[in-house]
Amino acid sequence: MASRLFWVAAVVLMAGCKVQMTFRGSSVPENVNTASVQYFENRAPLINPLLSQTFTEALKDRITSESRLIINDEVGDVDFSGEITGYDLRPMAIQANAISAETRMTISIRVRYRNFKNPQQNWESSFSAYADFESSQNITAIESELVSDIVDQITENIFNKAFSDW
């Protein structure tokens, strides 16, 4: 009977406890409530006409989904701006017959982060990521998926640099 009473008491106590955890480890300062993301112009030698819009919206989505920040159309408490500096396709894994077995798509982006609440945290940095695919595949058929994967990697790295102190 005492054992049963112990378990009932333990369940009641545990039901009253609340632990809030975040797996991303982001640490947005309390005085920062809004963020703005400026349009990232595509200044790469090779142009993907959808990349600027895709990247800009993906960065906004990352910020709103992984933090409590509200996107401001004007300039927010923190502001992200920059440009796309690279969009490359390069042959990889050259075979004996001088034909590439794989191709690597790389996207590079320069980002300026401004924290108007704490200017000591301002930074400017370049980010890049890549994805490999079989050269026999038609790039037109897989380009949007590759871009999505690469943009996801880059926005995660930008978010982490801005809000996770790494």
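Hey, among the residues in segment 127-142 that are closer than 20 Å to ALA58 by Cα and touching a helix residue (DSSP H, G or I) at 6+ places or on another chain (Cβ under 8 Å), which one's most open to solvent (accessible area, probe 1.4 Å)?
Out of the qualifying residues, it is TYR130.
Could we say that VAL111 is of a type in the set (Val, Ile, Thr) and assigned to a loop (DSSP other than H, G, I, E, B) here? Break it down stepwise before answering.
On the way: of a type in the set (Val, Ile, Thr): yes; assigned to a loop (DSSP other than H, G, I, E, B): no.
Against the criterion (of a type in the set (Val, Ile, Thr) and assigned to a loop (DSSP other than H, G, I, E, B)), VAL111 does not qualify.
Exactly one of (1) at pLDDT below 95; (2) surrounded by 14 or more Cβ atoms within 10 Å (Cβ to Cβ) is unmet by GLN153. Its number?
(1) is the only condition that GLN153 fails.
For the condition of a type in the set (Asp, Glu), surrounded by fewer than 14 Cβ atoms within 10 Å (Cβ to Cβ) and assigned to a loop (DSSP other than H, G, I, E, B), what is the one hit in GLU145, GLU74, GLU124? Walk me through it before giving the result.
Numbers: GLU145 fails: assigned to a loop (DSSP other than H, G, I, E, B); GLU124 fails: assigned to a loop (DSSP other than H, G, I, E, B).
The conditions single out GLU74.
Could you please let me know if THR106 is part of a helix (DSSP H, G or I) and surrounded by fewer than 18 Cβ atoms within 10 Å (Cβ to Cβ)?
Values: part of a helix (DSSP H, G or I): no; surrounded by fewer than 18 Cβ atoms within 10 Å (Cβ to Cβ): yes.
Here the answer is no, as THR106 does not meet what is asked.
Report yes if ARG43 is within 20 Å of ARG114 (Cβ to Cβ), open to solvent by 50 Å² or more (accessible area, probe 1.4 Å) and at pLDDT 85 or above, otherwise no.
Judged against the criteria, ARG43 is a match.
I need the full set of residues from segment 95-143 which are farther than 30 Å from VAL28 by Cα and either in contact (Cβ under 8 Å) with a residue 40 or more places away in the chain or of a type in the set (Val, Ile, Thr) (or both), in order please.
Listed by number, the residues that qualify are ILE99, THR103, MET105, ASP132, SER135, ILE139, THR140, ILE142, GLU143.
The values are calculated or read from the model by the stated rules, or taken from the named source; none is laboratory data. For clarity, every value in this text was computed on a predicted model and none was experimentally measured. Counting neighbours? That spans all protein chains shown, and the Cβs are built from the backbone with ideal geometry, glycine included. The protein model used for the area step is the full one, side chains on, heavy atoms only, and it has no ligands, DNA or RNA in it. Shrake-Rupley method; radii C 1.70, N 1.55, O 1.52, S 1.80 Å.
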